[in-house]
1. Out of 46, 55, report the one residue that is modelled with pLDDT of 90 or more and part of a strand (DSSP E or B).
2. State whether the residues of the stretch 4-27 include one that is outside any loop (DSSP other than H, G, I, E, B), in contact (Cβ under 8 Å) with a residue 12 or more places away in the chain and basic (Lys, Arg).
3. Test residue 32 against the stated conditions and say whether it is among the small types (Gly, Ala, Ser), surrounded by 10 or more Cβ atoms within 10 Å (Cβ to Cβ) and either under 12 Å from the mean Cα position of the chain (by Cα) or within 19 Å of residue 69 (Cβ to Cβ) (or both).
Amino acid sequence: MAKKKEVVLCKVEPLPKRWMTQEEAGVYLGFGERTFWLKLRNQGEIAWSRLGKHIIYSVKQLDELVERHRESVKRF
């Protein structure tokens, strides 16, 4: 008689996303004007990679961009 194989189910957490397309990055930061991203790239504000016709951004780079431009609250 053949033994039944025991099936073990486990929960696998998805890995955090490390790269985003320009459209996803726009949603992530709340703005998506093409000229805005072009300006950031041309001024060297953010690193990017091109895969074929797609431009992608590192989530870490997006977060660092926001931190570099953070303004402190001024108290009167």
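The values are calculated or read from the model by the stated rules, or taken from the named source; none is laboratory data. Remember, it's a predicted structure, so these values are computed and weren't measured experimentally. As a convention, Cβ positions derive from the backbone with ideal geometry for all residues, glycine included, and neighbour counts pool all protein chains shown.
1. On inspection, the qualifying residue turns out to be 55.
2. No, every residue in the stretch 4-27 fails to be outside any loop (DSSP other than H, G, I, E, B), in contact (Cβ under 8 Å) with a residue 12 or more places away in the chain and basic (Lys, Arg).
3. yes
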